[in-house]
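K.L.:
Quick one: structure below, then a few questions.
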Amino acid sequence: LRTRLAIFCAKASSLLIRKLNKGDGVTFPGYVAHKLDPMILQSMAGMVRKKIVVVMGTNGKTTTNSLLYHVLEAGGGRVVTNRTGANMRNGIVAAFALATDWKGTLHADYACMEVDENESVHVLKELNPHCVVVTNISRDQLDRYGEVDVVRNKLKEAISSVPDALLILNSDDVISYSLSMECGNRVVSYGISERIFDESVSSAIRDSIFCRRCGSKLAYEFFHYGQLGIWHCPDCGLARPKPDYTATDIQYEDGVYSFSLDGKTVKTTARTAYNVYNTLSAYAALGVLGATRKFASVVERFDYGNNRESIFHINGARVQLHLAKNPVGFQQKIALVRKDADPKDIVIQINDGAQDGKDISWLWDVDFQHLADVNASAIMVGGTRRYDMLLRLKYEDIAGTVITDMRETIQKLAAEGTGNIYVIVNYTGLYRVRNMLTELQKGE
């Protein structure tokens, strides 16, 4: 009765929030439900008929989780997921509660849940998942997450609390794969064995290049980006294992990636290199579940943007909006810009709101020198930390211009610029800028 009451109140609060136009109603209802029934997440997870999959990691959680959801649903399964990326406890509880009927019953074959690394210690044992996917571990918001070893140790604690869960790890990421040495879980790995990324994404900044067994410096055949690559320890012999799932014959043509999985060509709409990894991690999880039948057809039409990569057309100009919130993510956006040889205008907005992280020192870990030769007519910087961004460019001898009005800037560039505009923002700027670009596209 308590659980049913909590679910009813969650549904009612979500409905009220949306009626009052105060938001999407996908987080606060979870707070309401958990307050009324502290055991509600465990209760609802127990209603899932088949399997629960949890996705964690610094980059790629939302995309990987969304791919899992769409493929399982296309295969005829009923799936509950936190599709908006609300990955804290309240968002996860709300995703379950809002998926029930008004009697409080959950009709779901699968649950796919993206889980925040900090929340994982509390949430995983309540979800008791069948498998846990770790996409990668790298530096993010230092004032919230701390250094990578702090994040890794939290994930280790969380995963160790569900010893029966199958652990799906990126074997190219030495930090992620080191979890296999300390957690007792069964492990399945995925990775990319062929060199496919150019130097613009293979930044010289690494989050870890030391052996997790003996502490010696690792040797690499090559890096994909960050610390991801083909690694081994010359002292103790620890080495990147041959992955259970891999992508081969990776091609970048007409602005998108295609590759082979299990000998079959998969065409995607992915425009950035890290989405090859996201697609591969989802495939590995689906392979474990025995649910890859609809994978190729779903990926061929899947929107990798997740509202974090969007294209607009304003006054005849093509405007691309991209989210970049940590060094690895920003390096990938720079790589995308480099692939476009046409003249372009670049607008970078850096904020330091609570969701961005007040510490923006990570900007110094991005190789911005690669922007010097991208055929940019203008590079403009805005946001609350615009002068920090301007200084960062100055250290690379790149001229930047400070802006204070994003709407006016975009309108002027659309009318007088190259007609090819890249807008790169961090988290708190994303939705506001996206809404503004949507209005301009509609002519409002």
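K.L.:
For each cysteine in the chain, check whether another cysteine's C-beta sits under 4.7 Å from its C-beta; list those where none does.
P.N.:
Lacking a cysteine Cβ partner under 4.7 Å: C9, C112, C131, C183.
K.L.:
Could you sort C183, C9 by their accessible area in this structure, using a 1.4 Å probe and putting the largest first?
P.N.:
Heavy-atom accessible area, descending, gives C9, C183.
K.L.:
What residues qualify as long-range amide H neighbours of Q349, i.e. H under 5 Å apart, gap of 5 or more or another chain, H built at 1.01 Å from N?
P.N.:
Residues meeting the criterion, in which the H sits 1.01 Å from N, are G382, I424, V425, N426.
K.L.:
Over the Cα atoms of region 231-377, what is the Rg over Rh ratio if Rh follows Kirkwood?
P.N.:
Values: Rg = 18.3 Å, Rh = 18.0 Å.
Rounded to two decimals, Rg over Rh is 1.02.
K.L.:
Continuing with the same structure: Show me, for region 392-401, the HN-Hα J-couplings you get by feeding each phi into the Karplus relation (A = 6.51, B = -1.76, C = 1.60, θ = phi - 60°), rounded to Hz, glycine and proline as x.
P.N.:
Listing the rounded values in order: 4, 5, 4, 5, 9, 6, 10, 6, x, 10 Hz.
K.L.:
Another question, if that's okay. Give me the dipole magnitude in Debye, nearest 20, for the chain about the Cα centre, with unit charges on the beta carbon: positive for Lys and Arg, negative for Asp and Glu. Working shown, then result.
P.N.:
Values: 52 positive and 50 negative charges, 333 e Å.
Charge dipole of the chain: 1600 debye, to the nearest 20.
K.L.:
I've got another one for you. Run through region 207-285 and list the trypsin sites (Lys or Arg not before Pro) located in a DSSP loop whose Cβ has at most 14 other Cβ atoms within 10 Å.
P.N.:
R213
K.L.:
List the residues whose amide H sits under 5 Å from the amide H of A111, counting only those 5 or more places along or on another chain, with H placed 1.01 Å from N in the peptide plane.
P.N.:
Under 5 Å from the amide H of A111 lie the amide H atoms of K51, I52, V53, V80, each far enough along the sequence or on another chain.
K.L.:
Take the solvent-accessible surface of the protein heavy atoms, probe 1.4 Å, and return the percent of it on the chain that carbon and sulfur atoms account for.
P.N.:
47 percent
K.L.:
Follow-up. Taking the full set of protein chains and a 1.4 angstrom probe, give the accessible area of S180 in square angstrom, rounded to the nearest 10.
P.N.:
Surface accessible to solvent at S180 totals approximately 30 Å².
K.L.:
Local charge sum around L286 (other residues, Cβ-Cβ under 11 Å, Lys/Arg +1, Asp/Glu -1)? It would help to have the intermediate numbers written out before the result.
P.N.:
Numbers: positive: K51, R293, K294; negative: none.
Neighbourhood net charge equals +3.
K.L.:
Rounded to whole Å, give me the distance from the Cα center of region 54-77 to that of region 401-425.
P.N.:
34 Å
K.L.:
Further question: So for region 40-129, taking the charge dipole from beta-carbon charges (+1 Lys/Arg, -1 Asp/Glu), which of V80, T58, T105 sits furthest toward the positive end?
P.N.:
The one lying farthest along the dipole's positive direction is T105.
K.L.:
Separate question: Given an 8 Å cut-off on Cα distances and at least 6 residues of separation, report the relative contact order of region 352-444 as a percent.
P.N.:
Across region 352-444, relative contact order equals 27 percent.
K.L.:
Taking only protein heavy atoms into account and a 1.4 Å probe, give the accessible area per residue of region 186-341 in Å². Working shown, then result.
P.N.:
Values: 6560 Å² over 156 residues.
It amounts to 42 Å² per residue over region 186-341.
K.L.:
Let me ask something additional. With a 1.4 Å probe and all protein chains in place, put K154, K50 in order of accessible area, largest first.
P.N.:
Accessible-area ranking of K154, K50, largest first: K50, K154.
K.L.:
With every protein chain left in place, what is the accessible area per residue of region 38-109 in square angstrom, probe 1.4 Å?
P.N.:
On the way: 2600 Å² over 72 residues.
Here the per-residue accessible area is 36 Å².
K.L.:
Another question, if that's okay. Ignoring everything but the protein chains, give the 1.4 Å probe accessible area of K35 in square angstrom, nearest 10.
P.N.:
Here the accessible area works out near 130 Å².
K.L.:
Next question, about the same structure. D109: accessible area at probe 1.4 Å, nearest 10 Å²?
P.N.:
Probe radius 1.4 Å; accessible area of D109 about 20 Å².
K.L.:
For region 321-444, just say rounded, prolate or oblate: build the C-alpha gyration tensor, square-root its eigenvalues into a ≥ b ≥ c, call rounded for a/c under 1.5, and beyond that prolate if a/b exceeds b/c, oblate if not.
P.N.:
oblate
K.L.:
What shape does region 156-264 take by its C-alpha gyration tensor, where a ≥ b ≥ c are the square roots of the eigenvalues and a/c under 1.5 counts as rounded, a/b above b/c as prolate, and the rest as oblate?
P.N.:
Oblate, since a/c reaches 1.5 and b/c is not below a/b.
K.L.:
Right, here's the next one. If you work out Rg/Rh (Cα atoms, Kirkwood Rh) from the coordinates, which of (1) 1.23; (2) 0.96; (3) 1.18 do you get?
P.N.:
(2)
K.L.:
I need the phi-derived Karplus couplings for region 14-29: 6.51 cos²θ - 1.76 cosθ + 1.60, θ = phi - 60°, integer Hz, Gly and Pro marked x.
P.N.:
In residue order, the calculated couplings are 5, 4, 5, 4, 6, 5, 7, 6, 9, x, 7, x, 10, 10, 4, x Hz.
The values are calculated or read from the model by the stated rules, or taken from the named source; none is laboratory data. Computed from a prediction, not measured in an experiment: that's the story for all the values here. Note that each Cβ is placed from the backbone with ideal geometry, even for glycine, and that neighbours are counted across all protein chains shown. Just the protein is used for accessible areas: all its heavy atoms, side chains included, with ligands, DNA and RNA removed. Shrake-Rupley method; radii C 1.70, N 1.55, O 1.52, S 1.80 Å.
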